[in-house]
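K.L.:
Please find one structure pasted underneath; my questions will follow.
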Amino acid sequence: MPEIQIDTTPVPSPGITPSPTPVSGADGIGLRLNREQREYVRREVVRRTLEEQKELCRRSRDLNLEVIINDAVYQEKERLKTAPNSKENREQSRFWADVGRRFHRVEDSERESILASIVAMYVDEIMGYFNPVIHNIAAHVLPWGLKAMLSRFSPVNFLRYLGSQLNLEENLIISGPLDQIRGLSKRAALIMAPTHVSNLDSVVIGLGLFQSRLPPFTYGAGLNLFSNRVVSFFMNNLGAYKVDRRKKNGIYKSALKQYATLSMEMGHHNLFFPGGTRSRSGEVEQKIKLGLLGCGINVYAANLVSGKPNPDVFVIPCTLSCGLVLEARSLIEEHLQETGKSRYIRVRGEYSRPMRVLNFWRNLQSMDSKIHMRFGEPLDLFGNKVDADGVSRDAHGRAVDRTKYLQINGSVTQDAQRDQEYTRELGRSILAAFRSNNVALSTHIAAFAAFQQLRRLHPQFDLYRSLRTMGSDHAVAKSAILGDIARLLARLRELEREGGIIVDPQLADASAEAVFARAMDHFSSFHDGEALRDGTTGVYTENMKLLYYYRNRLDHYGLDTVLEN
């Protein structure tokens, strides 16, 4: 079992400061805000962000508001140099040019005002909407709307596919303790923490939550997903808020964190991708970012201090497993560029090709390929499992009083170092849940076996040389791969009995030959057989990196040693 790595970058907190909270729905757990409530959110996020930035200045001799604003001005000007020449970007350029001229020549009190204007601009960009009517409509028309979007509203393309509705729900397998999660959603704010595989995850998760009869969640969606007018309309009204990952300055990150924190305090269910971005390597996440998850403890503490009737915040891990991934080629290229420091040619992202996205969905349906969305057992903010009655249980099943984790001398008290350690424990529990709820699919198993066999042809090659040089002129006997698949199946089924992984139910009694045939059919349906081919000279690959990507989904389960024996 590999060591679990966790990003433990500390996130400063302004402390436990309960504040008046507007009602956000009949049961206190809704997303729709009226104009007055939206203005409250805007003011409160600005206030909290200012407090956090000033607290950072108090803690550091080398930091002051001038330095913080200067960093934001520099980074934003650099970002805008390569941004599209749009009306919005031209307005932002003028805004930052004005800030750049002013902030050096004023007193600290006026710098606070400039900082507030920066935060207010960010909040207006970030803030999401929610319309329950549109939410309900979207879940029913999503297949048609997605099809129209992908055809770019070309009459020819749209009519071409009009007769074959995209039945996305038929390809989505949802499992886990759903009744328990539904019950907990009525007594606590939930944080959904899913793995991140593809840019299509937002669509898949949104549909999965609706199909599971779970309440709506607010979530941060990449700004690129709002570039299409139709998609932007739906996402703006479905509770999504915008996250621009190109913005790296501390003011923006603080505003984003405070917005998410406040929404949790208001009882909104939140969804974070703790991996931060899509898994480039194809692996199940081995490292997660804890900043936004760590906000949960601050929210829980504030709720306890203010005496809220439903103070709890629970975390729901969710593992997405896909036999085929739309952006597999470009993702593994990016991963190898980062880790290998080699000159790989970056390919154009598949998500930017609308018709390729549509063909991807059609191929999933034609091959009866499933996307598995598996919910893990609910967790409290300290990494303990939570039962159906909302009671935390330790590793031995004993009831745990959550409030005592935050008490010093009988009172709820903030302790940043203590709370960071609690969040580390939560991170370990989430990563363990990701791994145990990962679904091993035929493409993963066949790719693992074939990749290991191909590497044995040239044991003197390091990984990167193998990925660069091995291709169609290297082949191994099919019988050897089938033997390795059989050994992998035996070990994976043993791991499943131990609770360490899930084997695709469609492969429950499948033979090695059946698994191989299914994987070959899937690879040929979308990747044109590049990942794996069965030729006259044996089994080979035309894209070793693509094969590596699918193989990596089963990495860190100790399967290499199974094939060495």
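K.L.:
Does Glu496 meet the test of being surrounded by fewer than 21 Cβ atoms within 10 Å (Cβ to Cβ) and modelled with pLDDT under 90?
P.N.:
Criteria not met by Glu496.
K.L.:
Pairs only if they're at least six apart or on different chains, beta carbon under 7 angstrom, first in the stretch 460-478 and not assigned by TED's automatic domain parsing to the domain that holds Ser281, second aliphatic (A, V, I, L, M) and assigned to a helix (DSSP H, G or I); list them, first residue then second.
P.N.:
Here the result reads Ser466/Met544; Leu467/Leu336; Leu467/Met544; Met470/Leu454; Met470/Met544; Gly471/Met544; His474/Leu454; Val476/Leu454, each pair linking the stretch 460-478 to a residue that is aliphatic (A, V, I, L, M) and assigned to a helix (DSSP H, G or I).
K.L.:
Related question: Determine whether the stretch 493-501 contains at least one residue that is assigned to a helix (DSSP H, G or I) and of a type in the set (Lys, Arg).
P.N.:
Among the residues of the stretch 493-501, at least one is assigned to a helix (DSSP H, G or I) and of a type in the set (Lys, Arg), which makes the answer yes.
K.L.:
Among the residues of the stretch 92-111, how many are surrounded by 11 or more Cβ atoms within 10 Å (Cβ to Cβ) and not hydrophobic (A, V, I, L, M, F, W, C)?
P.N.:
9
K.L.:
Suppose we filter the stretch 502-537 for residues that are in contact with a strand residue (DSSP E or B) (Cβ under 9 Å, 6 or more places away or on another chain) and closer than 17 Å to Leu326 by Cβ; how many remain?
P.N.:
Number of matching residues: 2.
K.L.:
Of these, Arg94, Arg61, Arg79, which one is in the same structural domain as Arg245 (by TED's automatic domain parsing), without any contact (Cβ under 8 Å) to a residue 12 or more places away in the chain and part of a helix (DSSP H, G or I)?
P.N.:
Just one listed residue meets the conditions, Arg94.
K.L.:
Regarding the stretch 507-528, can at least one residue be identified that is in contact (Cβ under 8 Å) with a residue 40 or more places away in the chain, surrounded by fewer than 20 Cβ atoms within 10 Å (Cβ to Cβ), under 27 Å from Gln286 (Cα atoms) and not assigned by TED's automatic domain parsing to the domain that holds Ser198?
P.N.:
Yes, because at least one residue in the stretch 507-528 is in contact (Cβ under 8 Å) with a residue 40 or more places away in the chain, surrounded by fewer than 20 Cβ atoms within 10 Å (Cβ to Cβ), under 27 Å from Gln286 (Cα atoms) and not assigned by TED's automatic domain parsing to the domain that holds Ser198.
K.L.:
Can you name the residue in the stretch 318-348 that is surrounded by fewer than 17 Cβ atoms within 10 Å (Cβ to Cβ) and touching a Leu at 6+ places or on another chain (Cβ under 9 Å) and, of all such residues, is modelled with the highest pLDDT?
P.N.:
It comes out as Gly340.
K.L.:
Then there's this: Within the stretch 210-246, how many residues turn out to be hydrophobic (A, V, I, L, M, F, W, C), more than 16 Å from Thr277 (Cβ to Cβ) and modelled with pLDDT under 85?
P.N.:
Total meeting the criteria: 9.
K.L.:
Hey, can you tell me all the residues within the stretch 547-565 that are charged (D, E, K, R) and in a loop (DSSP other than H, G, I, E, B)?
P.N.:
The answer is Asp555, and nothing else.
K.L.:
Only one of Glu498, Glu494 is over 18 Å from Gly323 (Cβ atoms) and either within 28 Å of the chain's Cα centre (by Cα) or not charged (D, E, K, R) (or both). Can you tell me which?
P.N.:
Among Glu498, Glu494, only Glu498 is over 18 Å from Gly323 (Cβ atoms) and either within 28 Å of the chain's Cα centre (by Cα) or not charged (D, E, K, R) (or both).
K.L.:
List pairs: first residue in the stretch 387-399 and under 17 Å from Gly183 (Cα atoms), second residue modelled with pLDDT under 95 and in a loop (DSSP other than H, G, I, E, B) anywhere in the structure, Cβ distance under 6 angstrom, at least six positions apart or on different chains.
P.N.:
Here the result reads Gly390/Arg187, each pair linking the stretch 387-399 to a residue that is modelled with pLDDT under 95 and in a loop (DSSP other than H, G, I, E, B).
K.L.:
How many of the residues in the stretch 479-492 are surrounded by fewer than 19 Cβ atoms within 10 Å (Cβ to Cβ) and either among the small types (Gly, Ala, Ser) or closer than 16 Å to Met520 by Cα (or both)?
P.N.:
6
K.L.:
Of all the residues that make up the stretch 46-69, how many are hydroxyl-bearing (Ser, Thr, Tyr) and modelled with pLDDT of 95 or more?
P.N.:
1
K.L.:
While we're looking at this one, here's another question. With respect to Ala432, is the statement that it is out of contact with any Ser or Thr (no Cβ under 8 Å at 6 or more places or on another chain), closer than 30 Å to Arg553 by Cα and either assigned by TED's automatic domain parsing to the domain that holds Asp534 or free of Cβ contacts under 8 Å to residues at least 40 places away in the same chain (or both) true?
P.N.:
Judged against the criteria, Ala432 is not a match.
Residue-by-condition table, conditions (1) within 27 Å of Asp244 (Cβ to Cβ); (2) at pLDDT 85 or above:
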{"position": "Gln92", "(1), (2)": "yes, yes"}
{"position": "Gly100", "(1), (2)": "yes, yes"}
{"position": "Leu115", "(1), (2)": "yes, yes"}
{"position": "Val123", "(1), (2)": "yes, yes"}
{"position": "Phe130", "(1), (2)": "yes, no"}
{"position": "Pro155", "(1), (2)": "no, no"}
{"position": "Glu169", "(1), (2)": "no, no"}
{"position": "Gln180", "(1), (2)": "no, yes"}
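K.L.:
Test of understanding: among Val73, Val119, which residue is within 18 Å of Tyr252 (Cα to Cα), touching a Leu at 6+ places or on another chain (Cβ under 9 Å), assigned by TED's automatic domain parsing to the domain that holds Phe226 and in a helix (DSSP H, G or I)?
P.N.:
Exactly one of Val73, Val119 is within 18 Å of Tyr252 (Cα to Cα), touching a Leu at 6+ places or on another chain (Cβ under 9 Å), assigned by TED's automatic domain parsing to the domain that holds Phe226 and in a helix (DSSP H, G or I), namely Val119.
K.L.:
Oh, and also: Among the residues of the stretch 388-423, count how many are outside the structural domain of Ala189 (by TED's automatic domain parsing) and among the charged types (D, E, K, R).
P.N.:
7
K.L.:
Hey, could you check the stretch 97-113 for residues that are without any contact (Cβ under 8 Å) to a residue 60 or more places away in the chain and touching a Leu at 6+ places or on another chain (Cβ under 9 Å) and say which is farthest from Glu51 (Cα to Cα)?
P.N.:
The selected residue is Phe103.
The values are calculated or read from the model by the stated rules, or taken from the named source; none is laboratory data. Predicted, not measured: the structure shown is a model, and the values here were computed from it. Neighbour counts run over all protein chains shown; Cβ positions are idealised from the backbone, glycine included.
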